[in-house]
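Only one structure is covered here, and it is reproduced in the block below.
All of the numbers you see were taken from the coordinates with simple rules; none came from a lab. This one's a predicted model, so the numbers in the text were calculated from it and none came from an experiment. Glycine also receives a Cβ, built like all others from the backbone with ideal geometry; neighbour counts cover every protein chain displayed.
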Amino acid sequence: MEERKKILIVDDDEELVRVLSVNLMAEGYEVYAAFDGMSAVMRAHQEHPDLIILDVRMPAGSGLNVVEKLRSSTKTFNIPVLFLSALPWDELKEKAAQAGVIHYLAKPFDLDVLLGMVRNILGVEEGKPSLKVLGA
């Protein structure tokens, strides 16, 4: 049986992290949380998530700093990152592209749009459980 996809949510807004965690777990994902940049990098190394949902403006390391650290490690360099930010994409686009981040969602966001983006990034088909039986 294939393992559930792991998602690391990184945001200093604990309520947002709680809401996202509950909704992503309901979709069948294994969810981890970090509330600042430094713990985000440590958590990514511990858990090896399939996706990181990352706020850009945070204490103890901005999202861009986190991505820089992730990209410089052989353990985490290829983990896809979805930026979740109140900053306009125009301001972020160039720095994000240089850091290798192509996924972005503006705050406030629509939860269904976020869940759709997560499914898309992880290659999970809509309406299908993320648990698959091998040989089925």
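Computed values, structure above
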{"read-out": "Residue-averaged 222 nm ellipticity for the chain, from DSSP H runs of 4+ at -39500 (n - 2.57), nearest 500", "value": "-12500 deg cm²/dmol"}
{"read-out": "Percent RCO, i.e. relative contact order, over the stretch 6-122, from Cα pairs under 8 Å lying at least 6 residues apart", "value": "23"}
{"read-out": "Rough spin-label spacing in nm, given labels placed 7 Å along Cα→Cβ, for A106 and M25", "value": "3.2"}
{"read-out": "Sequence of L54, L8 once ranked by neighbouring C-beta atoms within 10 Å, starting from the fewest", "value": "L8, L54"}
{"read-out": "Equivalent ellipsoid dimensions for the chain as semi-axes, Å, which come from the Cα gyration tensor, largest first", "value": "23, 17, 14"}
